[in-house]
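Heads up: the structure comes next, in C-alpha cells.
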Amino acid sequence: MEWGSPTVSVSFPCLSCDYVMLAPDADSAFGLPFASGWRLIIRWAGGTASLKEAALLKQFIPSFRQESISEVRQQLGRGAEWKLDGLSEPAARELRKEAEARGFTVDVRSRGEDRPRVRLPRPGSGMTGYCVRLSPSFDDKGHILATFGPAGSAVSIACGPSTAETVDVPNARGLQFLEEVTALDPLGIPDVSSLGLDGISLECLVQEARGNHRFFAWSPSPDSSPRQHGFVMALFRLAMDVAQVPATVEYLEQVFGYVSSELPVKVFEETPRRIRLFGGLSSYHLEALQSLFDSVGPGEPVLMDLSNSEGMGTLLHPLFARFHARMGRTVWWVNAPAARHLGEAGIPRDCLYEEFESARAALLSG
C-alpha cells in the first residue's frame, strides 16, 4: 500500500501482494481516528507572550479558561507563536475571528500542508523499516524513520515541510534498537483506541521480512499501552542519540514531553561537564531533578544548558536556587523562558548567558 496526501508519500507494500496503491488521503483510506485536520497559528510581536497577551488568549481559547494568566503564559513557552492542531474547519475559523479581533496575527492551514515526506524501503530490497509519524497538538508534525539492511543502517528525522536530517547508525546502537523492538513483537502491536485533545497522535509502520504492519496510538503510556509506548520510545531514543542538526535536535526535545514523563535531560561528559535540561519541567520532575542535582559534586564546575527550555513550574525554583548556591561554580546557558524562571528563582543575571561559547568561557575563567 501507499498512503499519504498531496504533500506526503509513504511507500509501503500491500500486505498480500506487490501492488502499490496511492491513497489520496490517509484518513479516508485507512479510517484514521483523527478526523479533524485544521491547524491554527496565533502570533504576537514579542519574543515571548506578555501577560496581556496571555490574558487575551485566556478569553477565547477553551483549554486556557480554567488556567490563571501566569499559567497560560507559562504554557505558551518561548517563541512568538502558539499552535493548535486537530480543529474542525468551523472551529478554526471561529477561533481565528476571535484572535484577530484582539489584535493577533493568525494563520489557518488545512491538514497536510506541513507534513514531511516519508519513504520506507521498497519491497524486496532486503531492508527493514520502522517509522512513527508524529502529530503533536502544539508543535509541528514530523516523523522518525529507522532503516536497516545490507547497505547499512540509518535514521531519518523530519519536522515540518522542509527540515530533515538523515544520519548513519553505529552497528552497536542499531543492534540495541533491534533487540528492543523485537522484544515487543512489532507485527502484532494493536491500535490504542483512546483519544484526547492536547497530546500526540502517532501513526506507526513496520516493514520486516516476515510481513508489514500499521498501528495507531494516542499519547500511549508505559502503564496502559506498554508495547505502543515502547515502540515509539525506542525510535525516539535512537533518534535523540544520533541526531546532529540543531533544528532536528530541538524538535525531538520539544516533542519528547508528549511521549515520555521522564526528566528531559542529557549529560555531556565534556570538560567542564554540561547538563542539558530541555522542554518543560513540572512538579512531577521534582524528585528526579533533585537526584540529578545531587549527582553533581559540591565543588564541581558545571555548565547548565537550558537553551531549549519551555519553562518550569514555580515549585521547582527553590531546587535551582539551592543548586546554584553550592560551592562549585555554575553558569547557565539560557533562552528567554529559562532566563525569566531563573531570575525569579533568585539566580543573578550575570550568571546567565545567551550563547554557549560565552557561558563556557565564563565558567573556565572563573
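The values are calculated or read from the model by the stated rules, or taken from the named source; none is laboratory data. These numbers come from a predicted model, not from an experiment. Note: ideal-geometry Cβ built from the backbone for every residue, glycine included; neighbour counts use all protein chains shown. The area values use the complete protein model at the heavy-atom level, side chains included, leaving out ligands, DNA and RNA. Shrake-Rupley method; radii C 1.70, N 1.55, O 1.52, S 1.80 Å.
Taking each residue of segment 127-146 that is part of a strand (DSSP E or B) and looking for partners that are at pLDDT 90 or above and basic (K, R) with beta-carbon atoms closer than 9 Å, six or more apart or interchain, yields G142/R133; H143/R133; I144/R133. Evaluate segment 179-187: report whether one residue or more is modelled with pLDDT under 90 and hydroxyl-bearing (S, T, Y). Scanning segment 179-187 turns up no residue that is modelled with pLDDT under 90 and hydroxyl-bearing (S, T, Y).
Take the conditions (1) surrounded by fewer than 16 Cβ atoms within 10 Å (Cβ to Cβ); (2) in contact (Cβ under 8 Å) with a residue 24 or more places away in the chain; R329 misses just one of them, which is (1). Restrict the check to segment 170-179 and report whether at least one residue is open to solvent by less than 30 Å² (accessible area, probe 1.4 Å), more than 20 Å from F216 (Cα to Cα) and acidic (D, E). The answer is no, given that none of the residues of segment 170-179 is open to solvent by less than 30 Å² (accessible area, probe 1.4 Å), more than 20 Å from F216 (Cα to Cα) and acidic (D, E). Looking only at segment 299-351, filter to residues that are hydrophobic (A, V, I, L, M, F, W, C) and over 24 Å from R73 (Cβ atoms); which one of those is nearest to the chain's Cα centre (by Cα)? Checked segment 299-351; the qualifying residue nearest to the chain's Cα centre (by Cα) is L303.
Residues that are of a type outside the set (A, V, I, L, M, F, W, C), open to solvent by 70 Å² or more (accessible area, probe 1.4 Å) and part of a helix (DSSP H, G or I) within segment 47-80 comprise K52, Q59, P62, S70, E71, Q75, listed in sequence order.
Scanning segment 180-188 finds one or more residues that are surrounded by 16 or more Cβ atoms within 10 Å (Cβ to Cβ) and touching a Pro at 6+ places or on another chain (Cβ under 9 Å).
Would you be able to say whether some residue in segment 181-203 is charged (D, E, K, R) and over 21 Å from Y251 (Cβ atoms)? Yes; the residues of segment 181-203 include at least one that is charged (D, E, K, R) and over 21 Å from Y251 (Cβ atoms).
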